[in-house]
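Heads up, the thing below is written out as structure tokens.
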Amino acid sequence: MLNFSLYFVTDRKQTANRPLADVVHAALDGGVRAVQLREKDLEGRELYALAERLRALTRRYQARLLVNDRLDVALAVEADGVHLGQNSFAVEDARRLLGAEKLIGVSTHSQHEIAAAQEADFLVFGPVYYTPSKAAYGEPQGLDRLRAAVAHSAVPVFAIGGIKTERVAEVLETGAHGIAMISAISAAADPAQAAQALLQQLD
């Protein structure tokens, strides 16, 4: 069961030169209860050390920690699950390795990808609006495609990409379960305050 509507995705290159763990700690202080460790360029040892640090923080706040793609790291630090991209493990293979209790999220960008990922616990769909971090995935999807994604998915859908505080209401009107955020929290002058403001909109 998903007990969160705000999904914080990390990017240590968008922290205004602050240590990532400090930013995550502040976001947790602000009410974030789900964090995806997404640092694709880190080698195994560095990623494992960072995952251990974030696992300790998320445990302290009774928050979920998911690791992007790396099932080995997720298992090693006893994370709450993994987040899979389109070139990662198939959901059924990840489930077999992780077990029934772990969360599996999947990034999706089309109706075809949504249909293929219905065995996951939740999906992330986008980019809804333009954002540099998701520019590689093409033009923004827009609210109509997000609405269609929600309608065609039996599992919860989180919206991602360029979502600012003032846009949360229109995103939720599509039926999306929640939002996934990167820079709106990590690059904020006060990540705790930014998280609080987003959560107020989500409530």
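The values are calculated or read from the model by the stated rules, or taken from the named source; none is laboratory data. Bear in mind that the values here come from a model prediction, so they are computed numbers and not experimental data. Note: ideal-geometry Cβ built from the backbone for every residue, glycine included; neighbour counts use all protein chains shown.
Confirm whether residue 170 is in contact with an Asp or Glu (Cβ under 8 Å, 6 or more places away or on another chain), surrounded by fewer than 22 Cβ atoms within 10 Å (Cβ to Cβ) and of a type outside the set (Phe, Trp, Tyr). Steps first, answer last, please.
Details: in contact with an Asp or Glu (Cβ under 8 Å, 6 or more places away or on another chain): no; surrounded by fewer than 22 Cβ atoms within 10 Å (Cβ to Cβ): yes; of a type outside the set (Phe, Trp, Tyr): yes.
No; evaluated as a whole, the condition is false for this residue.
Evaluating residue 49 against the criteria (1) surrounded by fewer than 14 Cβ atoms within 10 Å (Cβ to Cβ); (2) at pLDDT below 95 leaves one unmet condition, (2).
One residue is enough: does the stretch 96-110 have a residue meeting the conditions of a type in the set (Lys, Arg) and within 24 Å of residue 168 (Cβ to Cβ)? Checked against the condition, which is being of a type in the set (Lys, Arg) and within 24 Å of residue 168 (Cβ to Cβ), the stretch 96-110 yields no hits at all.
What are the residues in the stretch 1-23 that are surrounded by fewer than 16 Cβ atoms within 10 Å (Cβ to Cβ) and either hydrophobic (A, V, I, L, M, F, W, C) or over 18 Å from residue 80 (Cβ atoms) (or both), if any?
Of the residues in the stretch 1-23, the ones surrounded by fewer than 16 Cβ atoms within 10 Å (Cβ to Cβ) are 1, 3, 13, 16-19, 22.
Hits for the stretch 1-23 are 1, 13, 16, 17, 18, 19, 22.
The helices (runs of 4 or more DSSP H) found wholly in the stretch 117-203 and carrying at least 3 residues that are modelled with pLDDT of 95 or more and among the aliphatic types (A, V, I, L, M) occupy 142-151, 168-172, 191-202.
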